[in-house]
Amino acid sequence: MASKIRKWTCLTFCFLTVLTSISASRQTVPVNKEFSTFHLENSEWTFNHLAVDVKNGNVYLGAVNRIYKLSSDLKVQVTHQTGPDDDNPKCYPPRIVQPCNEPLTLTNNINKMLLIDYKENRLLACGSLYQGICKLLRLDDLFKLGDGSVFGVIVSYNYSDDKLFIATAVDGKPEYFPTISSRKLTRNSEADGMFAYVFHDEFVASMIKIPSDTFTIIPDFDIYYIYGFSSGNFVYFMTLQPEMTSPPGSTTKEQVYTSKLVRLCKDDTAFNSYVEVPIGCVKNGVEYRLLQAAYLSKAGAILAKSLKINPEDDILYTIFSKGQKRRTKTPEESALCIFILKEINEKIKDRLQSCYKGEGTLDLAWLKVKDIPCSSALLTIDDNFCGLDMNAPLGVSEMSKGIPVFTEETDRMTSVIAYVYKNHSLAFIGTSSGKLKKVGWVINIDIPCFVWRSESERNGSMFRM
C-alpha cells in the first residue's frame, strides 16, 4: 500500500516564501500587519515551550526562570518564578535523596515541558533544576499545587485518575530515574500518590531504565525525546538515540544517531508493549535521519483523497536534518516529511507477529546489550495487542520511511505545527534564522500554491497574527 501511495500523479506539496505581494492567482499578500508582542524582562532569557488553552485562547509560556500566563492578545496576566536556585548536576532530585554534599551554585531553571491538564484545570511544568523536577500549577493564577519528577503525555479517564507518561534523557545517571515511566495524576493535587508509578512491586514497575551495561558499549548513550502524543489506544514518543554501526565495507564501528518512534499501550502497567521503530526519509538518494521536530494532525479531506486514506486518519509531520552524524550542530540541509501513522502501526503489528512466531531477535541493542531470540507462542495479534511478559521490549529493524515533502538547503528547519483548514492540510515551519514558512497541499500542479510572507524572529519577543 505504502509504495502505491508514493507514486505521485497530479499530487504535490507547494512552498513559497515571499517578502512582497505575490500570487499565481494575482491575489495580494499584505506585508504591513500589526502584531501583538510580548518581551521578556531579561534579554538573556529565552522562550522554551508554549501551550495555548483552546477554551479561551490564553497563552502559557515556559521560559528561563519563569512561567507566564498571557491573554489571547499577549498581555501578561500572571508570572510564576521557577528559578534561579542553588543546584548541582551531581545531586539527586531533592525528594529522593537529601541532603546533597556537592557544592551548590546559583543555577537557571530552563523550562523543559509544559502541558495543560484540562480535566483538572492545571498546568504541568517541568524544568532543568534538580534533575527535572515538575510542578503542578493552577491554570487560573499559576498557584503551585504540587511537585513531581521531561517530555510528557497525559492520558485522561472518565472514572479514574489520569496518567502521565513522562520521558527524559538521563544524562549518564540511569540509576537516578527511568528514561520513561507512567505516573499517577490524582484528582487531589496534594495526595500522597501524586506522581507515583502507576504500578510498582518488587519485580515489575511502570518504567524502563537504561541498563548500566549499555554505557560500556556507548559511553555517552542517552535517549533524547523530541515529541510525544497519544492516538487510539497508544502513547507515542519521537526520539533520537546514538548507536554503533559499521559503514558499508568496513568492520570498524562508528557512532551515529538514529531517529526512532516509541510506542506503548495506554493501559500497559508493566511496559510489555514497548516497541521502537526507526524512522527517516530519503529524497533523491539523500538520507534525512536526524529528527528535529514533529507534530500530529489529521489528514483532512484533500490530503486524504490523495493518499487514499480517511480524512480523520492521523498524519505525523516531521522535520529531519540531513545524515546521522551529529545531534548538535546539525547540517543546514533539512526536510519536511509526513508519515501515515496507521502504516507505522501496521509495520509494528507485522514485527510482533513474526517475533511471536519465533523469528529473529528482540533487536533492541541498547536495552538488551546482546541479541535475545524471539520466543514462539500461539496467539492472535490484532491492532491493539499490548504485549506479554515475553518478547518485550521489542525493536523493529527496518526503517519506516516518510514521504518527503519539501527540502531546505541553507536555512535549517527546526519546528513544525500543522492543522486542517477548510479541508486543506497546512503546515507552519520555523527555521534556524527565525523565518516562518507555510506549506500547503494542492491536488493539481496547475492550481496556484499557497503563499506566505516570511517573518524574521524578533529577539526576546514573540508575535501572533
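The values are calculated or read from the model by the stated rules, or taken from the named source; none is laboratory data. This one's a predicted model, so the numbers in the text were calculated from it and none came from an experiment. Don't worry about glycine lacking a Cβ; one is built from the backbone with ideal geometry, like all the others, and counts go over all protein chains shown.
Evaluation of residue 202 against the conditions (1) surrounded by fewer than 17 Cβ atoms within 10 Å (Cβ to Cβ); (2) in contact with a helix residue (DSSP H, G or I) (Cβ under 9 Å, 6 or more places away or on another chain) shows that the sole unmet condition is (2). Among the residues of the stretch 205-221, just one is outside any loop (DSSP other than H, G, I, E, B), among the hydroxyl-bearing types (Ser, Thr, Tyr) and crowded, with 17+ Cβ neighbours inside 10 Å, namely 214. Of the residues examined, residue 56 is one that is at pLDDT 85 or above and assigned to a loop (DSSP other than H, G, I, E, B). With the checklist (1) closer than 26 Å to residue 49 by Cα; (2) in a helix (DSSP H, G or I) in hand, flag the one item residue 303 doesn't pass. In the conditions (1) closer than 26 Å to residue 49 by Cα; (2) in a helix (DSSP H, G or I), residue 303 misses (1) alone. Among all residues of the stretch 108-120, there is at least one that is modelled with pLDDT of 80 or more and in contact with a Pro (Cβ under 8 Å, 6 or more places away or on another chain). Of the residues making up the stretch 347-386, those that are within 25 Å of residue 223 (Cα to Cα), in a loop (DSSP other than H, G, I, E, B) and touching a strand residue (DSSP E or B) at 6+ places or on another chain (Cβ under 7 Å) are 362, 363, 364, 371, 372, 374, 386.
Set side by side, the residues 299, 270, 293 differ, and just one is crowded, with 22+ Cβ neighbours inside 10 Å, small (Gly, Ala, Ser) and either farther than 25 Å from residue 385 by Cβ or modelled with pLDDT of 90 or more (or both), which is 299. Within the stretch 366-384, can one find any residue that is touching an Asp or Glu at 6+ places or on another chain (Cβ under 7 Å) and among the aliphatic types (A, V, I, L, M)? Yes: the stretch 366-384 contains one or more residues that are touching an Asp or Glu at 6+ places or on another chain (Cβ under 7 Å) and among the aliphatic types (A, V, I, L, M).
Just a yes or no: is a residue in the stretch 262-271 in a strand (DSSP E or B) and in contact with a helix residue (DSSP H, G or I) (Cβ under 8 Å, 6 or more places away or on another chain)? Steps first, please.
Taking the stretch 262-271 and keeping what is in a strand (DSSP E or B), we get 262-265.
Checking the rest, the ones that are also in contact with a helix residue (DSSP H, G or I) (Cβ under 8 Å, 6 or more places away or on another chain) come to 263.
Within the stretch 262-271, one or more residues are in a strand (DSSP E or B) and in contact with a helix residue (DSSP H, G or I) (Cβ under 8 Å, 6 or more places away or on another chain).
Between 288, 257, 224, the distinction of being of a type in the set (Ser, Thr, Tyr), crowded, with 17+ Cβ neighbours inside 10 Å and under 29 Å from residue 421 (Cα atoms) belongs to 288 only.
Do we have residue 239 as polar (S, T, N, Q) and in a strand (DSSP E or B) here? The answer is yes for residue 239.
Any idea how many residues of the stretch 159-182 are on the phi < 0 side of the Ramachandran plot and surrounded by fewer than 16 Cβ atoms within 10 Å (Cβ to Cβ)?
As a first pass, look at the stretch 159-182 and keep what is on the phi < 0 side of the Ramachandran plot: 159-170, 173-182.
Within this subset, residues satisfying the condition of being surrounded by fewer than 16 Cβ atoms within 10 Å (Cβ to Cβ) are 159-160, 173, 175.
Number of matching residues: 4.
Among the residues of the stretch 400-422, those that are part of a loop (DSSP other than H, G, I, E, B) and either over 26 Å from residue 346 (Cα atoms) or at pLDDT below 90 (or both) comprise 409, 410, 411, 412, 422.
Of the residues making up the stretch 307-328, at least one is of a type in the set (Ser, Thr, Tyr), assigned to a loop (DSSP other than H, G, I, E, B), surrounded by fewer than 20 Cβ atoms within 10 Å (Cβ to Cβ) and under 23 Å from the mean Cα position of the chain (by Cα).
When each of 229, 215, 221, 234 is tested for being modelled with pLDDT under 95, under 19 Å from residue 346 (Cα atoms) and among the aromatic types (Phe, Trp, Tyr), the lone residue that passes is 229. Residues in the stretch 74-107 that are at pLDDT 85 or above, surrounded by 11 or more Cβ atoms within 10 Å (Cβ to Cβ) and hydrophobic (A, V, I, L, M, F, W, C): 4 in all.
Return a yes/no flag: does the stretch 377-385 have any residue that is within 20 Å of residue 231 (Cα to Cα), among the small types (Gly, Ala, Ser) and modelled with pLDDT of 90 or more. Looking for residues that are within 20 Å of residue 231 (Cα to Cα), among the small types (Gly, Ala, Ser) and modelled with pLDDT of 90 or more, one finds none in the stretch 377-385, hence no.
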